[in-house]
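All of the numbers you see were taken from the coordinates with simple rules; none came from a lab. Please read all numbers here as calculations on a predicted model, not as lab measurements. With ideal geometry, Cβ positions are generated from the backbone for all residues, glycine too; neighbour counts draw on all protein chains shown.
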């Protein structure tokens, strides 16, 4: 919502919870606040946090919740606060999510999308193609850093340890690769204790033990100041998501910024990063054999896929994203 220089961002989870969506919102909110916009984030109070807070010049309002269903939250208070924050002229219809989204999109002058590819295949958005404005996402300004030489080739993943991320598919692919070559190891980064929707850490470790898979390391949640080192240490980064709701995959670009090529699932939106940059290979969804082949190709021909950061920034950067938002905000204010 925009009124003058006021921005309202609404989402279920926000910092200190970390996910692709929450980080998108956080970086966007903080960058806009830095540019003197009055930014408010309305989110659920998912972890007994303060109901109101100022975080890096962003006003954060957290609604009380009744309960969790998987990673969703039930919060009548959230709806009341959304109505209060938005005003009666811009109330979301709450009877049905699709109806709500269609009503909102119909009233919007612009619809900011991460990729037109994903939006065009949305059952809701595809009817509003004439309003699309592609802004990708804000990207943390990572860069390659010197790292100790690794004896083995390192395959890496970083994200929430949940079923939809396809980490079990990655393990199966790694098992195939390890049967062909033993000079590899798999690093899995990401919190496996406090995960909305439930962690699959135990089932992953059970699979590893059952099949006696070697050289798999779980790093847990990686501190922000170690992320550049993590990405820079990898020979290939893998995003094996099986969820059609995976719309972009910021971790792909973060890895590319650090000089690491990527293998990711051929999902709408996700695939466009590789199509635009050429810095990796897209593979079939939920297919360990296809994933293993893609990773093998990158490991065997790394220079074919490695590009300088400056090339990636032509397509994806925080500056490019925020500039697009500011341009659209200006157009809306001008009527």
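Volume of the convex hull of the stretch 210-335 (Cα atoms only), normalised per residue: 149 Å³. Packing-based ranking of 182-193, 262-273, 289-300 yields 262-273, 289-300, 182-193, ordered from highest to lowest mean Cβ neighbour count within 10 Å.
Hey, fewest Cβ within 10 Å first, where do 167, 54, 312, 322 land in order?
54, 322, 312, 167
The translational diffusion coefficient of the stretch 150-223, from Stokes-Einstein at 4 °C and 1.567 mPa s with a Kirkwood hydrodynamic radius over alpha carbon pairs, comes to 103 µm²/s. Projecting label points 7 angstrom from Cα along Cα→Cβ for residue 6 and residue 300 puts them 6.0 nm apart. Calculated mean residue ellipticity at 222 nm for the chain: -11000 deg cm²/dmol, from DSSP H runs with n ≥ 4 weighted as -39500 (n - 2.57), summed, divided by the residue count and rounded to 500. Computed packing ranks the peptides 205-218, 248-261 as 248-261, 205-218, most packed first, by mean other Cβ atoms within 10 Å. Between the Cα long axis of helix 318-333 and the first principal axis of the chain there is an angle of about 20°, rounded to the nearest 10. Computed from Cα atoms, the angle from the helix 97-107 axis to the main principal axis of the chain rounds to 60 degrees.
Any chance you could give the angle, 0 to 90 degrees and rounded to 10, that helix 76-86 forms with the longest Cα principal axis of the chain? Taking Cα atoms only, the helix is inclined about 60 degrees.
Computed over the chain, the range of Cα coordinates on each principal axis works out to 62, 42, 36 Å, biggest value leading.
If you count, for each residue, the other Cβ atoms within 10 Å and average over each peptide, how do 274-287, 19-32 line up from highest to lowest?
19-32, 274-287
Taking other Cβ within 10 Å of each residue's Cβ, how do 323, 115 sort, fewest first? In increasing order of surrounding Cβ atoms, one gets 323, 115.
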